[in-house]
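The values are calculated or read from the model by the stated rules, or taken from the named source; none is laboratory data. Please read these numbers as outputs of a predicted model, since none were measured by experiment. Every residue, glycine among them, receives a Cβ derived from its backbone with ideal geometry; neighbour counts consider all protein chains shown.
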């Protein structure tokens, strides 16, 4: 009988740096590019690991947590996702509970990465397998559920709330003195019109702005 461990090779190696959410307010934004498994520290079943590629090409690994697990089931590879460390609660067991919100939108995807995966599948032809490239059903974004933000059945952000967040980012990140200046500076920075369909992507870009 074949040992399942013997089937794992270099192609299955999960690489990248762990993103541990050390401080409340820590944010990770990037493209969801892969999901793997690692031995769990707390239970018999393996933990899922989500690989997130940032704009600079770095891969960050996010270990499964109960507060994000259900949300991540609704998000497909190629979608841009944002994690925000909201708060921490004492469990009395020496390992605090970290509340992490997950932001995603079915229309906000990494088009360049998706195209690369399509090209890999096409190049493989009939020999393509899930280990060669992302399966086509994994990058069919029309069926992605909208998850924005929070956990489970948390309410979505309204357009007004997202616009308010964009304006605040324009002030804190770009030094704008008032709302109108913030809008102008954000549009100049992102090179995107300030319309509701772009709000989530603009927020993601602005969060990465130093």
Tell me whether the stretch 175-186 contains one or more residues that are surrounded by fewer than 19 Cβ atoms within 10 Å (Cβ to Cβ), in a loop (DSSP other than H, G, I, E, B) and at pLDDT below 85. no
Please go through the stretch 72-98 and pick out each residue that is in a strand (DSSP E or B) and surrounded by 18 or more Cβ atoms within 10 Å (Cβ to Cβ). 79, 80, 81, 82, 83, 84, 85, 98
Could you tell me which residue of the stretch 193-210 is modelled with the highest pLDDT, considering only residues that are farther than 15 Å from residue 159 by Cβ and outside any helix (DSSP H, G or I)? 209
Which pairs have Cβ atoms under 8 Å, sit 6 or more apart or on different chains, and link a residue in the stretch 183-210 that is outside the structural domain of residue 170 (by TED's automatic domain parsing) to one that is modelled with pLDDT under 80 and assigned to a helix (DSSP H, G or I)? none
Can you tell me which residue is surrounded by the most Cβ atoms within 10 Å (Cβ to Cβ) among those in the stretch 99-115 that are outside any strand (DSSP E or B) and out of contact with any strand residue (DSSP E or B) (no Cβ under 7 Å at 6 or more places or on another chain)? 114
Of the residues 101, 20, 105, which is within 15 Å of residue 200 (Cβ to Cβ) and free of Cβ contacts under 8 Å to residues at least 60 places away in the same chain? 101
Residues located in the stretch 35-68, provided they are within 17 Å of residue 108 (Cα to Cα) and touching a residue at least 40 places away in the same chain (Cβ under 8 Å): 53, 54, 55
Tell me yes or no: at least one residue of the stretch 123-144 is modelled with pLDDT under 85, in contact with a helix residue (DSSP H, G or I) (Cβ under 9 Å, 6 or more places away or on another chain) and under 25 Å from residue 85 (Cα atoms). no
Check the stretch 97-119 and report whether any residue there is assigned by TED's automatic domain parsing to the domain that holds residue 74, modelled with pLDDT under 75 and on the phi < 0 side of the Ramachandran plot. no
